[in-house]
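Enquirer: Have a look at this one before I ask anything.
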Amino acid sequence: MKKILVAAAMLVASVIAADNASAQKFGVTAGLNFNSVDVKDVQLDAKAGFSAGITYLLDLPLGLSVQPALLYTQNSVDLSVLESVEAMQKVGSLKVPVSVQWGPDLIVARPFLDVTPYVGYSLSNKIEGGLEGIVKGETDLENKFEYGVGIGAGVNVWKLQAIVRYNWNFGALGSIEDFKNIELGDLKTENSTYGGVTCTVAFFF
């Protein structure tokens, strides 16, 4: 009888553990984007942006895991490179990154390396500012799609996760040549891309 009770207790404990583990798969995530901008002929100052969305963590054998996410991100760049012109461009996008992770489970924490290909779709492209704020415009980009890859590292502790990642964006976004009603002199940002460092945190339920 004692062996049966012990076995039953172990079975219940394993079921509870399995339920807890599965309950922690879905999560919410948010972070900051420290953008760098590749722009033709002009040196522009990128500003910090943000991201927020939902994510799902799938554990695999051999220390591997896959973590897709659905994020809204905003990237910003300072267009104030001409005298008497102060303007800020903001590009909002919907992105789907798929993080492939590897790292050992150290019981109290799981550090891991991270490779994350991603695709994105531009939802908005705005310029605001100018003399006394008179410059204001919005346009539909001819190329709304972006894609790239990120490489970084992170750690899982309890239900929390933190990742620092550097991203290379290969899709051109953010051209201001489509803003027909805005004059910014010789400033041209064709073939511009938004990359740089992202710092994200996630909480799994």
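The values are calculated or read from the model by the stated rules, or taken from the named source; none is laboratory data. For clarity, every value in this text was computed on a predicted model and none was experimentally measured. FYI the Cβ positions are ideal-geometry reconstructions off the backbone, even for glycines, and counts take in every protein chain you see. Calculation scope for accessible area: heavy atoms of the full protein, side chains included, ligands and nucleic acids excluded. Shrake-Rupley method; radii C 1.70, N 1.55, O 1.52, S 1.80 Å.
Enquirer: Residue pairs, Cβ under 6 Å, 6 or more apart or interchain, first in region 145-171 and free of Cβ contacts under 8 Å to residues at least 60 places away in the same chain and closer than 20 Å to GLY103 by Cα, second part of a loop (DSSP other than H, G, I, E, B) and open to solvent by less than 70 Å² (accessible area, probe 1.4 Å). List them.
Expert: VAL155/ALA109; VAL157/ALA109
Enquirer: Under 19 Å from ASN33 (Cβ atoms), surrounded by 15 or more Cβ atoms within 10 Å (Cβ to Cβ) and at pLDDT below 95: is that true of GLY120 in this structure?
Expert: It is true that GLY120 is under 19 Å from ASN33 (Cβ atoms), surrounded by 15 or more Cβ atoms within 10 Å (Cβ to Cβ) and at pLDDT below 95.
Enquirer: Has region 15-24 got at least one residue that is on the phi < 0 side of the Ramachandran plot, modelled with pLDDT of 60 or more and surrounded by 13 or more Cβ atoms within 10 Å (Cβ to Cβ)?
Expert: No, region 15-24 contains no residue that is on the phi < 0 side of the Ramachandran plot, modelled with pLDDT of 60 or more and surrounded by 13 or more Cβ atoms within 10 Å (Cβ to Cβ).
Conditions tested, residue by residue: (1) assigned to a strand (DSSP E or B); (2) open to solvent by 80 Å² or more (accessible area, probe 1.4 Å); (3) at pLDDT 95 or above; (4) hydrophobic (A, V, I, L, M, F, W, C).
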residue	(1), (2), (3), (4)
ALA52	yes, no, yes, yes
LEU62	no, yes, no, yes
GLN74	yes, no, no, no
VAL77	yes, no, no, yes
GLN89	yes, no, no, no
GLY92	yes, no, no, no
ASP105	no, yes, no, no
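Enquirer: Can you find a residue in region 161-173 that is modelled with pLDDT under 70, closer than 13 Å to TYR194 by Cα and surrounded by 15 or more Cβ atoms within 10 Å (Cβ to Cβ)?
Expert: Looking for residues that are modelled with pLDDT under 70, closer than 13 Å to TYR194 by Cα and surrounded by 15 or more Cβ atoms within 10 Å (Cβ to Cβ), one finds at least one in region 161-173, hence yes.
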